[in-house]
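Working notes for the structure below.
The values are calculated or read from the model by the stated rules, or taken from the named source; none is laboratory data. For clarity, every value in this text was computed on a predicted model and none was experimentally measured. A quick note on method: Cβ atoms are made from the backbone with ideal geometry, for glycine too, and the neighbour counts reach across all protein chains shown. When the accessible area is computed, the model is the full protein with side chains, heavy atoms only, and any ligands, DNA or RNA have been set aside. Shrake-Rupley method; radii C 1.70, N 1.55, O 1.52, S 1.80 Å.
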Amino acid sequence: MQPITSSTPPPRPFHAMAKPSGSDCNLDCTYCFYLEKESLYPGERKRRMQDNVLTAYVRNYIESHPAGSEVVFTWQGGEPTLPGLDFYRRAVAQQRFRAGRTISYSFQTNGLLLDDAWCGFFAEHDFLIGLSLDGPADIHDTYRVSAGGQPTHALVMRALGKLQAHRVRYNVLACVNRRGAAEPLRVYEFMRTHGISHIQFIPVVERLSGAADRAIGLTLHGPGGKVLAPALPGATGSVTGWSVLPADYGDLLNAIFDAWVRRDVGEIHVMNFEWALANYMGEPGAACHHQPTCGRAVVVEHNGDVYACDHYVYPAYRLGNLSTSSLAKMVESPAQHAFGQDKLQSLPRQCRECKMLKGCWGGCPKHRFTATQDCEPGLIYLCEGYYRFFGHVAPYLAPCPT
């Protein structure tokens, strides 16, 4: 693969997330939405990014940023440790292309393969690690099992200890499924007890499909019992049994926020709360699903294919390949621009008139499969949860009286 370079970086920053092992993983998490992506490359038994693709990606990504800017390399999966540590040694060696840019690294992992060698490497190059950990063992092991069906909590806790011992910067990515949402304070106390100071609580929302698809009859309610979205067969869609219920997700965030605001402000950083504050202040920093538009975070697959978003790795959203186009051109393409703008333009009227709009911004488009109280499609499944959460924290975000 010949490197495709760009002499005209995009006018606005963008971010690429690379998947050097594609959808391959040494876990078989029940709720994983990415394992199915192996169907995109049916002829490949093992997906790995080859060195020529790696070089093309690194150079393309760096040269798609203006001189003097920061270029953040994010490695994810599947499971990104599968290509082996030497792959990342070669990736870091590609810094020769930096040309006045600052290079930084982040890495999202299940932790099963982390040892002293991995953590020493992360510490040496100041990687920021996202470690997937859902809480205590009985909660974590409900859905996060190995490819052989074995529990993984002890292995993840070993990885956490290695990261802490090597003083690696890390945060914990806690997926909130229906099981974990029932015990929010137990999950939060577990994190505190183990010295975890940076946490994200990520809702698990996955729909059923095919013959198993059926309406679950959810009715979404706001404060005071006001109906926000009626149960509409065929409009609400069906979610898996492990998907978090909307109200439960809002209640989990609220319970943790109440505990956090009493004693942990400045000591523990819950990204969900920081995103809410950023939106309230009109500052950048909120996650893409809580921004008015999106489209500035693309995915690079193991073979150089580029997709519009991590949640939209489908053939219809393939932007091209690094072998034929620059990342800059793909990010600024009419198709990607339309994809990002549609997040705002497709908001139903109920969202546009909602007093929580500037906190929520309609959430992730992938989860907009329910209907509004006026039967208009496009309401996010998590509406009730977001409404509860943003309404609950709003008084704390208000400026102090002068």
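List of remarks:
- Qualifying position, being closer than 21 Å to Val204 by Cα and in contact (Cβ under 8 Å) with a residue 60 or more places away in the chain, among His290, His302: His290
- Filter result for Tyr105 (at pLDDT 95 or above, part of a helix (DSSP H, G or I) and surrounded by 18 or more Cβ atoms within 10 Å (Cβ to Cβ)): no
- For the stretch 143-161, a residue qualifies if it is open to solvent by 60 Å² or more (accessible area, probe 1.4 Å) and either touching a strand residue (DSSP E or B) at 6+ places or on another chain (Cβ under 8 Å) or not aliphatic (A, V, I, L, M) (or both), and the qualifying residues are Ala147, Gly148, Gln150, Pro151, Arg158.
- Look at the stretch 307-325: where a residue is buried (at least 17 other Cβ atoms within 10 Å of the Cβ) and a partner is basic (Lys, Arg) and assigned to a strand (DSSP E or B), sitting 6+ places away or on another chain with Cβ atoms under 9 Å, you get Tyr307/Arg318; Ala308/Arg318.
- Given (1) farther than 20 Å from Ser21 by Cα; (2) under 13 Å from the mean Cα position of the chain (by Cα), number of the condition Leu277 does not satisfy: (2)
- Some residue of the stretch 86-99 being part of a helix (DSSP H, G or I), in contact (Cβ under 8 Å) with a residue 12 or more places away in the chain, open to solvent by 40 Å² or more (accessible area, probe 1.4 Å) and among the charged types (D, E, K, R): yes
- One residue alone among Gly285, Gly266, Gly250 is modelled with pLDDT of 90 or more, within 26 Å of Leu133 (Cβ to Cβ) and surrounded by fewer than 18 Cβ atoms within 10 Å (Cβ to Cβ), and that residue is Gly266.
- Of all residues making up the stretch 304-317, the number that are more than 19 Å from the chain's Cα centre (by Cα) and at pLDDT 95 or above: 2
- Matching residues in the stretch 46-82 - criterion: being part of a loop (DSSP other than H, G, I, E, B), closer than 27 Å to Cys29 by Cα and in contact with a helix residue (DSSP H, G or I) (Cβ under 9 Å, 6 or more places away or on another chain): Arg47, Arg48, Met49, Gln76, Gly78, Pro80, Thr81
- For the stretch 335-373, filtered to residues that are in contact with a Ser or Thr (Cβ under 9 Å, 6 or more places away or on another chain) and in a loop (DSSP other than H, G, I, E, B), the residue that is surrounded by the fewest Cβ atoms within 10 Å (Cβ to Cβ) is Phe369.
- Candidates Glu206, Glu183 - the one that is among the acidic types (Asp, Glu), buried (at least 17 other Cβ atoms within 10 Å of the Cβ) and at pLDDT below 95: Glu206
- You will find that of Glu384, Glu353, the residue that is modelled with pLDDT of 95 or more and more than 21 Å from the chain's Cα centre (by Cα) is Glu353 and no other.
- Of the residues making up the stretch 377-390, those that are open to solvent by less than 70 Å² (accessible area, probe 1.4 Å) and either more than 15 Å from Glu274 (Cα to Cα) or part of a strand (DSSP E or B) (or both) are Gly378, Leu379, Ile380, Tyr381, Leu382, Cys383, Glu384, Gly385, Tyr387.
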